[in-house]
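Here, each number is a calculation from the coordinates, and none is a lab measurement. The model shown is predicted, which means the values in this text are computed figures rather than measured ones. Reconstructed Cβ throughout: ideal geometry from the backbone, glycine too, with neighbour counts over all protein chains shown.
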Amino acid sequence: MIVIQVLDLTSTTSTTNLKMYPTPQLGSSLLLSFSFSPTPKKRTILILGSSPLSAHRAFSALEAGARVLILAERGLNEACDEVKWRVGRGEVEFVEWDGDEKSLIGVLEKEKEGVYMAFVTPLTTTSEQKLQKIYEILKAHHVLTNIADHPSLSDFGFMATHRFSYSPPPPPPPPTQPTPPPPPTSSPQLIPSPLQIALTTNGHGCRLATRLRREIVARLPNEVGEAVRRVGVMRRIVLDEAAAAAAAVDAKDAAKKDEVELKEADKEGTTSSEIPSPPRSDPEHKEPKKTRQLRWLAQISEYWPLEKLASLEEGEMRMLLDDASAMTTATATVTPPSPSLPSQHYTSLLPPLPPTHPPHPGEIYLVGSGPGHPALLTVAAYQPISLILSDKLVPTPILALIPASVRVIIARKFPGNADASQSEMMGLAVEAARRGERVLRLKQGDPGVYARLAEEYLFFSQNGFVPVVVPGLSSALVGPLVVSPGPGRPLSRSSPHPSSTSSLSPTSPLPLQPLPLPLQPLPLQTPISLTSRGISDSILVLTGVGRGGSHLSVPPYERGRSVVLLMGVGRLREVVSGMIGSGGGGMIGSGGSSSTSASSHGGYPSYLPTSLIERASLPDQRVISSTLGDICEALEWTGEKRAPGMVVVGWCCLDELELDDLLAPGPGAETNDNDMARVNTWLGRDEHGEQRRWRVSEGVDWRWGDLFGC
């Protein structure tokens, strides 16, 4: 029985408890990717025409693993050279077509497995009536159709695409033969990689889409295709090993079961249904290994430089994935790793330096890299160094500043392995310093803010090397200040509420007079000042990750305090629950109620302004502005997380209020109605006049590149 429920959205009672979500805006496309190679039977794609465009469409279909059938008038002799060549090689099938509609129907009905898609390219006769009839025939046979230059007769369109290539490394020579001399300089052989990009302007400029595609390709490193391929190889290694382990467990269990059945069959009066099944070996004992390996693979995909990913060899891949001791929390040791088998907790970006015998001992520097933008790296961080031990959060733009002659090691930190990796890195630093090297321990942000400065300083000092501490700009203070895209740059935020024009600066190029609601100018995302007169008079910095995964306490809510949460996006829902659901301060992960007002016992109100800042100061920076109660849903709605991220909670997030509005004494200054009205004004309304629950800003101020040349 099927029960259909209809919700009357016009009823006041039915919408009282419903949340508002963003309204879909027409004008975009549903972007999909089709790959037919894994299917047992290839999908058939029918191409009408034999022009160069037909050949281009056929090539794209062949690379996707489809079976291509070309139907063309005037026979093969009139086809373009590429079509003839592919027919001669047996890559595509060719059927001569007389242009008759019945012949087309016959071809479609002859295909037993059916035709999946049809691409209609320029034909000999291209009258609108004929194309309309062809489209109707194909639709009657449930064939997805694209007719070139006729969007009204097409179910889908083609985007501007690019498939990246890579240059494979030369095979190593046999060990018994001397290394051959390098071959003469020639163009490297390029092999298509699994990486593709596609771009569409949705009919607003096909030529412009081609140009934008070139711009995107030019800005990506040459190794990006090879990086994707090698990550895929690592993923396949993990899955193959997991499948082999599961098969071995099944075979062992089957053998045990057969042995039990043979013994029990000899017992008198025992039926097969009474034979007890032996306890099955737990197949889950291999699952944690697979889970840890995939988690680690996701970590290096997110944090490691693309150039490093592109250089991974299979032996190094298997070493990285070998987690025999990855989950063991080891104490710091200064025993050097074997030169033939590097530690699984790190990997070098460059070949190791030759051993040296310096006349003096080495040095260790604890350096903060700032939030990520190279212009925010302190001058003192530029030191002549022979070894850099970098945390995984240090972004690629900072690592790109390191000379090629310097060896770089990236910490293998992932959930559950942080302590072991930390110990490994400290041991490597001491060993390198004992060899006389100048070691730079590179930290994201400031080394004194949640970067284990104290324990590293103590460990290095106890081993004879008092480190030099070079402060960095902490993301806790810098991140909120670099969120403004600046005037003149298009923003991704939706159009604001009617009063938003008041937030524009006097120098704004946008007109200040009120405009019709759908044409309202986009408000600027102003920097978040953690302390402002009349809004916030103190700052509290917290972390969402306790030692060993322990819960963290949240101090009670204070109206004039800004709360900055570092390393807490991964546990954001628990953090929010702990802040809202407790009275005299909360325990992250403890849960609680979801009251919409500030508790008299100190709970955080769910409507408290909240900003989630991801990858602060980097080109792909994103700021999600919402309320404490809706920030988790806003993050889920906007897509994948962008690490590293930080969260700012408090009235300091508001960017459209008078400075002395919130903390000024007066009757009713802090009532729920007043506060919620402020938040609603801050978030604004969409083009339909509906109240927004969040807004999103992409990118960093475009003037940074002009000012700093990077």
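So how much slack lies between Ser167 and His688, counting 0.36 nm per residue of separation and subtracting their Cα-Cα distance, in nm?
Details: separation 521, 0.36 × 521 = 187.56 nm, distance 5.16 nm.
Gain on extension, Ser167 to His688, equals 182.4 nm.
Once phi is turned into ³J(HN,Hα) by the Karplus curve 6.51 cos²θ - 1.76 cosθ + 1.60 with θ = phi - 60°, what whole-Hz value does each residue of region 225-239 show in order, with x for glycine and proline?
With coefficients 6.51, -1.76 and 1.60, one gets x, 5, 4, 5, 4, 6, 5, x, 5, 4, 5, 5, 4, 4, 5 Hz.
Quick one: net charge of Glu128's neighbours, Cβ under 13 Å, K/R +1, D/E -1? Can you show the working numbers first?
Numbers: positive: Lys130, Lys133; negative: Glu136, Asp149.
Computed value for this residue: 0.
Which one of Asn77, Phe156, Ser127 has its Cα pushed farthest toward the positive end of the charge dipole of region 44-158, where Lys and Arg give +1 and Asp and Glu give -1 at the Cβ?
Phe156
Among the lysines in region 44-158, how many pairs, 8 or more places apart or on different chains, have alpha carbons under 19 Å apart? Each step should come with its number before you reach the end.
Numbers: Lys102/Lys110; Lys102/Lys112; Lys102/Lys130; Lys102/Lys133; Lys102/Lys139; Lys110/Lys139; Lys112/Lys139; Lys130/Lys139.
Here the count comes out as 8.
Peptides 108-115, 394-401, 46-53: what's the order by average Cβ count within 10 Å, highest mean first? Could the numbers behind the result be given before it?
Working: 108-115: 12.8, 394-401: 17.9, 46-53: 23.0.
Highest-to-lowest ranking by the protection proxy: 46-53, 394-401, 108-115.
How much net charge surrounds Ala79 when only the other residues with a Cβ under 15 Å from the Cβ of Ala79 are counted, with Lys and Arg +1 and Asp and Glu -1? Kindly include the intermediate steps, with their values, before the conclusion.
On the way: positive: Arg57, Arg74, Lys84, Arg86, Arg89; negative: Glu73, Glu78, Asp81, Glu82, Glu91, Glu93, Glu96.
Charge balance in the 15 Å sphere: -2.
Amide H to amide H, which residues 5 or more places from Leu144 or on other chains are under 5 Å from it, using H placed in the peptide plane?
Ala118
What ranking, highest mean first, results for peptides 560-569, 19-28 when packing means the other Cβ atoms within 10 Å averaged over each residue? Don't jump to the answer; show the numbers that get you there.
Numbers: 560-569: 22.0, 19-28: 10.0.
In descending order of packing, they fall as 560-569, 19-28.
What does the extension gain come out to for Glu314 and Glu96, with contour length at 0.36 nm per residue minus their alpha carbon separation?
Extending this stretch completely gives an extra 73.6 nm.
Among rounded, prolate and oblate, which fits region 44-158 when a ≥ b ≥ c are the square roots of the eigenvalues of its C-alpha gyration tensor, a/c under 1.5 means rounded, and a/b larger than b/c means prolate?
Numbers: a/c = 1.35, a/b = 1.27, b/c = 1.07.
Rounded, because the longest to shortest axis ratio a/c is under 1.5.
Can you tell me how much longer the chain between Asp250 and Ile105 gets when fully stretched, taken as 0.36 nm per residue apart minus their C-alpha distance, in nm with one decimal?
Working: separation 145, 0.36 × 145 = 52.20 nm, distance 5.09 nm.
The span from Asp250 to Ile105 would gain 47.1 nm if fully extended.
Run down the lysines and flag those whose C-alpha is under 29 Å from the C-alpha of Lys252, throwing out any fewer than 8 positions away in its chain.
Lys263, Lys267, Lys286, Lys289, Lys290
Quick one: 3J(HN,Hα) in Hz for region 292-307, Karplus 6.51/-1.76/1.60 with θ = phi - 60°, rounded, Gly and Pro as x.
5, 5, 5, 5, 5, 4, 5, 5, 6, 5, 7, 10, 6, x, 4, 4
So who's got an amide H within less than 5 Å of the one on Ser553, skipping anything under 5 residues away but keeping other chains? H placed 1.01 Å off N, in plane.
Sorted by chain and number, the residues that satisfy this are Ile588.
Once you list every other residue whose beta carbon is under 10 Å from the beta carbon of Gly472, what net charge do they have if Lys and Arg are +1 and Asp and Glu are -1?
Details: positive: Lys443; negative: Asp446.
My count for the surroundings of Gly472 gives 0.
Under 29 Å from the Cα of Lys19, which lysines turn up, not counting those fewer than eight places away in the same chain?
Hits, sequence-local ones excluded: Lys641.
Sort 366-374, 674-682, 83-91 by packing, meaning the average of other beta carbons within 10 Å per residue, with the highest value first. Can you show the working numbers first?
On the way: 366-374: 25.9, 674-682: 16.9, 83-91: 14.3.
So the peptides 366-374, 674-682, 83-91, ranked by packing, come out 366-374, 674-682, 83-91.
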